[in-house]
Amino acid sequence: MKRITIRWIIIASSISLAGLIITQLFWINNALRLGEEQFNSRVTIALQGALDEYVQNHKGKPCDITCGCLSVPSQADSLFINLVPAEMDSLLRVHFDYHGLDTIFEFRVVNCTTGKVLFEKSGKLKHNNRSSLHKISLSCLHHQESHRMEVRFNQPKQLIIKDMLIWLAASTLFLLIVIISFAYIVLTIVRQKKITEMRNDFINNMTHEFKTPISNISLACEVLKRPNINESPERLTRYIDIISQENRRMRSQVDRILQVAVRNREDLDISRQTTDIHELIRDAVDTICLEDCRDGAMIDLDFRATKSELFIDPVHFTNIIHNLIDNAQKYSASDPKIGISTDLRDNNFILEFKDNGMGISQEAQKHIFEKFYRVPTGNLHNVKGTGIGLYYVKTMIEAHGGTITVKSEIGNGSRFIITLPA
């Protein structure tokens, strides 16, 4: 899949997800608003029910300023001059409970004209901006409102959210699942795209790596087939050396390809034995300098460790040394200067490789031990490689119970530090 196609798919999916989130938030907000309207309606019905029951209980009783005036004389403008607080409080509790409302509330009767509070039941709530106030008129229908009863609840939204809790929780949960799934899918697509690109680079690099020695061997074989080749022993020897050298080169590449088959520690074929790692390093360096050392390359050995015998697989560690020295040579612009040192620290064996190469950026350092990854060199492609060497190195070192870290700066070379149990 093309990069532009993936980009448009991600953009379209992101817009769709954002639209889904906005739509969901809109419906949640709308549901809370409707819940608040339903709450207000339930309060109004409960207040009217309590008031009607209070009127019914006092119907026919004489007008008394202490308990209310249910009769409506010509000069009266309100059903009530006063109420019995305890009785009204009891009725409100019953009706609020019946309609599923909070039974903790405050109420009072107020003269609308003067604002005078005739009586008040208070002290139950903490007054703040989240409390709600509800009013009901106590006046006669044919008169302008003169008295009203006010009821206050504390934080009604808590009750509304409680009623909608299951629905809100389910909606939030499903929305989070969609967001997490989308993020995971996008990351997977990007990661797979990156792996595909690195795999294609690996195949291209390996094709180039094999093409050159195969061409050289084919050319040498054609020359050796000539009838008069035996008349020039020097030429015969030179072409045989070319075939031998290119054969070693191909064998080395095949070995590196086989290394990529390593999957996890359970699959590794490790044959540990007590090995003098100092001698192992010397032998590996001698072999490299004999077969594959660049002109002007210098390898300096500094063995400070007083104990050099480790329980390791000598074959795999020889490959590790070869890989690290080979990388140091490939990424050095001029004469490679490579330092290999050992030391003992805190019961650990420290093996360090230092070079004077071009260095590795901080971003590249995060990925250099990943399979198929190669340090980018801009538009230049003069550095050969497969991208599996350092992956193999890290895998084998971890299989031996050790760790490997890198310290590098652009233009100041690199240091690979291997820590192994002593």
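The values are calculated or read from the model by the stated rules, or taken from the named source; none is laboratory data. Nothing here was measured: the structure is a model prediction, and the numbers come from that model. Quick reminder, even Gly has a Cβ in these numbers, built from the backbone with ideal geometry, and neighbours come from all protein chains shown. Areas reflect the complete protein model, heavy atoms only, side chains present, ligands, DNA and RNA absent. Shrake-Rupley method; radii C 1.70, N 1.55, O 1.52, S 1.80 Å.
Taking 8 Å as the Cα distance limit and 6 or more residues as the minimum spacing, I'd like the relative contact order of segment 319-375 as a percentage.
So the answer I get is 29 percent.
What is the extension gain from Glu120 to Gln273, computed as 0.36 nm multiplied by their sequence separation minus the C-alpha to C-alpha distance, in nm to one decimal?
Stretched fully, the Glu120-Gln273 segment lengthens by 45.9 nm.
How much length is gained if the chain between Lys194 and Leu20 is pulled fully straight, taking 0.36 nm per residue apart and subtracting their Cα-Cα distance, in nm to one decimal?
59.8 nm is the gain from fully extending Lys194 to Leu20.
Provide the FRET efficiency to the nearest 0.05 for the Tyr98-Asn29 pair, computing r from the beta carbons and using R0 = 35 Å. Present the calculation step by step, with values, prior to reporting the outcome.
Values: r = 29 Å, r/R0 = 0.83.
Calculated transfer efficiency: 0.75.
Using the beta-carbon distance between Gln38 and Gln155 and R0 = 22 Å, what value does 1/(1 + (r/R0)^6) give for FRET efficiency, to the nearest 0.05?
With a Förster radius of 22 Å, E is 0.85.
Probe 1.4 Å, all protein chains in place: accessible area of Val285 in Å², nearest 10?
10 Å²
Rounded to the nearest Å, what's the spacing between the alpha carbon centres of segment 387-422 and segment 316-368? Just the number, please.
7 Å
How long is the gain from Arg148 to Ala364 if the chain were fully straight, where each residue apart is worth 0.36 nm and the alpha carbon distance is subtracted?
Gain in length upon complete extension: 70.2 nm.
State, to one decimal in nm, how far the label point of Ile6 lies from the label point of Ser171, with both points 7 Å from Cα in the Cβ direction.
My value for the distance between the label points is 3.6 nm.
Quote the FRET efficiency, to the nearest 0.05, computed for Asp300 versus Thr207 with a Förster distance R0 of 25 Å and r equal to the Cβ-Cβ distance. Working shown, then result.
Numbers: r = 36 Å, r/R0 = 1.43.
E between Asp300 and Thr207, to the nearest 0.05, is 0.10.
From the protein chains alone at 1.4 Å, what is the descending order of accessible area for Ile410, Ile177, largest first? Spell out each step's value before the answer.
Numbers: Ile410 115, Ile177 85 Å².
The ranking, largest first, comes out as Ile410, Ile177.
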